[in-house]
Amino acid sequence: MSLTVNAARLKEDLQTLGGIGRSPGGGITRTSFSAADADARSWYAARCRDAGLSLRVDALGNMLADDGSDPSVPAVWSGSHIDTVPDGGAFDGAVGVVAALEAVRRLAEEGLALQRPLRAAVFADEEGNYSPLFGSSALARGYGRDRLASMVGRDGDRLIDAMSTAGWDVDSALDVAVHRDPVFAFVELHIEQGPKLEAMGTEIGVVTSIIGLGEAVVEFHGRADHAGTMPMTERHDPLRAAADLIAALASIAASTSDAAVVTCGRLETRPGGANVVPSLVRLTLDFRDPDAANVAALAVRLEQHANEAARTHGVGVTWLPDPVIPPMQLDERVRSTISRTAAELGRSMTAIPSGAGHDSQNIAQLAPAGMIFIPSRGGRSHCPEEDTDWPDVINGANVLLNTLAELATRPSAELITDQSD
């Protein structure tokens, strides 16, 4: 017998969460560790209390909710993130958070005898205000003190200052790796953030793999001068070097692979006066490819071009990369469970790779992991127009609920595999 989510409760949760951090223009800004993020966290904690759940928050802001089960027992995890990009949408991350919480509530309401706990997760700073997939990276690999101290947010604030404001201790943050809270399996529900499912008329995407992700800050160091009196031939203008690099991004991606993408979505000049030649330009690069070797090649080529641009324009350059988050093939056994569940619920489905990074690719380093995609209207995401039809949200939540129930109630310590095996 199939389980169903409480659709009215799920919709209310998603709409309430979508109102936190919303601007008059319709976009949502819930940058990690901001006031809006704190409000969203308080709301989530209250929903957990309403459901009688135990909530733990680690020293980097990852939130784990369950029925108070022994954390040393390997659990089935599900969840996503509640932080957003600046002026983002109401579905990215939020769908997976509210659906995971709903799954924990529904299984408790059904009184099913679980063989292992079910845990709902909210991962901190997935959108990379301080570092890409920050919270789940900490769980998978951990961070050293120097690395935490070096992290600076989009607005120039230091991570350790934001942690202090939130009441978290840096020393405790050095020991949040998940070895003390083992994972049996992980499943994340997420919007596709692309146009494929909608174009195919397909309800469920069973994610096969997640793209590799690199990020680097490039600083070009020049010399500040008067914009009217310093001749063009005598300037040491770091913005010209930055423009040289930005203009080359498309060709660097194309020369690496057909699937490679490189983006500069953030650029800062100092001192920032319209009539001053800049002394410093700082830009952030995001580069991705499904192949780990290509991600590494992109990093090398981007750094080489940054060095060449600096020499050409007579400025200095500093290359500050984040650790690469490797591409990840998701677990075939979890994928099989998702596919079978979707079929039993009468939902159309297709296998699909993810061109966006997700917390699942970090948790997949700890345990078998899978992802469920639902359609994004017009393929739009990371913008106020991001939208998913309500029936698609319910379909995805029901597939998630029944997949988690299968994984949590199976008596064997092994994951379910395809029935033809």
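Bear in mind that the values in this text are calculations on the coordinates, not laboratory data. Because the structure is a prediction, the values reported are computed rather than measured. A quick note on method: Cβ atoms are made from the backbone with ideal geometry, for glycine too, and the neighbour counts reach across all protein chains shown.
Stretching W390 away from A38 to a fully extended chain increases their span by 124.0 nm, per 0.36 nm per residue minus the current alpha-carbon distance. Multiplying the residue separation of D67 and T4 by 0.36 nm and subtracting their alpha-carbon distance yields 20.7 nm.
Given +1 at the Cβ of Lys and Arg, -1 at the Cβ of Asp and Glu and no other charges, the dipole of the range 343-411 around its Cα centre is 180 debye to the nearest 20.
Of the residues H313, A351, A397, the one whose Cα sits farthest towards the positive end of the charge dipole of the range 279-421 is H313 (charges of +1 on Lys and Arg Cβ, -1 on Asp and Glu Cβ, taken about the Cα centre). In plain terms, the chain from A274 to K11 could stretch by 90.0 nm, reckoned as 0.36 nm per residue minus the Cα-Cα distance. For a modelled paramagnetic label at T350, 7 Å from Cα along Cα-to-Cβ, the residues of the range 379-404 in reach, with backbone nitrogen under 14 Å, are 379. Using a cutoff of 8 angstrom between alpha carbon atoms and counting only pairs six or more residues apart, the relative contact order for the range 254-313 works out to 33 percent. Taking chymotrypsin sites (Phe, Trp or Tyr not before Pro) across the range 143-246, none is in a DSSP loop with at most 15 further Cβ atoms lying within 10 angstrom of its Cβ. About the centre of its Cα atoms, the chain shows a dipole size close to 240 debye [charges on the beta carbon of Lys, Arg (+1) and Asp, Glu (-1) only; nearest 20 debye]. Going by the alpha-carbon gyration tensor, a ≥ b ≥ c the square roots of its eigenvalues, is the range 155-286 rounded (a/c under 1.5) or, if a/c is not under 1.5, prolate (a/b greater than b/c) versus oblate? Oblate is the answer for the range 155-286, as a/c is 1.5 or above yet b/c matches or exceeds a/b.
Put simply, when 242-250, 31-39 are sorted by average Cβ atoms within 10 angstrom per residue, most first, you get 31-39, 242-250.
If R0 is 25 Å, the Cβ-Cβ spacing of R141 and Q304 corresponds to a FRET efficiency of close to 0.40. The simple Förster model, with R0 at 22 Å and r as the Cβ-Cβ distance, assigns A296 and T263 a FRET efficiency of 0.80.
The mean sequence separation of alpha-carbon pairs under 8 Å and at least six residues apart, normalised by the residue count of the chain, gives a relative contact order of 23 percent. Positive end of the dipole of the chain (Cβ unit charges, origin at the Cα centre): among M232, V98, L267, the Cα lying farthest that way belongs to M232. Charged side chains reduced to their Cβ positions (Lys and Arg at +1, Asp and Glu at -1) give the range 212-321 a dipole of some 280 debye around its Cα centre. Here the chain is scanned for GluC sites (Glu not before Pro) in DSSP loops (not H, G, I, E, B) that have at most 14 other Cβ atoms within 10 Å, and the longest stretch holding none of them is 1-384. Under 8 Å for C-alpha pairs, at least 6 residues apart: give me the relative contact order for the range 212-321, rounded to a whole percent. The normalised contact order for the range 212-321 reaches 44 percent. Take each peptide in 57-65, 357-365, count the other Cβ atoms within 10 Å of every residue, and average; sorted highest first, the result is 357-365, 57-65.
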